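Novice: Take a look at the following structure, please.
No lab work stands behind these numbers, since they all come straight from the coordinates. The model shown is predicted, which means the values in this text are computed figures rather than measured ones. Here Cβ is always computed from backbone atoms with ideal geometry, including for glycine, and neighbour counts include all displayed protein chains.
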Amino acid sequence: MEQKLDLLAEKIEQVSALVARLRDEKAALAERLLAAESGRTALQQSMEAARSRIEALIQQLPEGKT
């Protein structure tokens, strides 16, 4: 009976360690996701600014004769 309790205690420790590891991994992934979303937002803003500058330059081009 003691052997079964020892085995059960060992399995509980393993599950507890796994839960802790998964919790840490989830937190790290959430942090990475937040950083990626921030980076994506910054890139979208840069692209929009570039698009606005290009459109302004296009407006300054002389009309072509066809």
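Novice: With unit charges on the beta carbons (Lys and Arg positive, Asp and Glu negative) and the dipole taken about the Cα centre of the chain, which residue among Ala17, Ala49, Leu29 sits farthest to the positive side?
Specialist: Result: Ala49.
Novice: Can you compute the charge dipole magnitude of the chain about its Cα centre, using +1 on each Lys and Arg Cβ and -1 on each Asp and Glu Cβ, nothing else charged? Give it in debye, rounded to the nearest 20.
Specialist: Result for the chain is approximately 360 debye, rounded to the nearest 20.
Novice: Please determine, in degrees from 0 to 90 and to the nearest 10, the orientation of helix 2-60 with respect to the longest principal axis defined by the Cα atoms of the chain, where the helix direction is its Cα long axis.
Specialist: 0 degrees
Novice: If each of Ala35 and Glu2 carries a label point 7 Å out from its Cα toward its Cβ, how far apart are those two points in nm?
Specialist: Each label point is offset 7 Å from its Cα along the Cβ direction, giving 5.0 nm.
Novice: Please compute the net charge surrounding Asp24, taking Lys and Arg as +1 and Asp and Glu as -1 over other residues with Cβ under 14 Å from its Cβ.
Specialist: That sum, taken over residues with Cβ under 14 Å, equals +2.
Novice: Counting every Cα pair in the chain, what percent are over 13 Å apart? Spell out each step's value before the answer.
Specialist: Details: 1667 of 2145 pairs.
Everything past 13 Å amounts to 78 percent.
Novice: Now, a different point. With Cβ to Cβ distances under 14 Å as the rule, what net charge do the other residues near Gln14 carry (K, R +1; D, E -1)? Show your work: numbers first, answer last.
Specialist: Details: positive: Lys11, Arg21; negative: Asp6, Glu10, Glu13.
Net of charged neighbours comes to -1.
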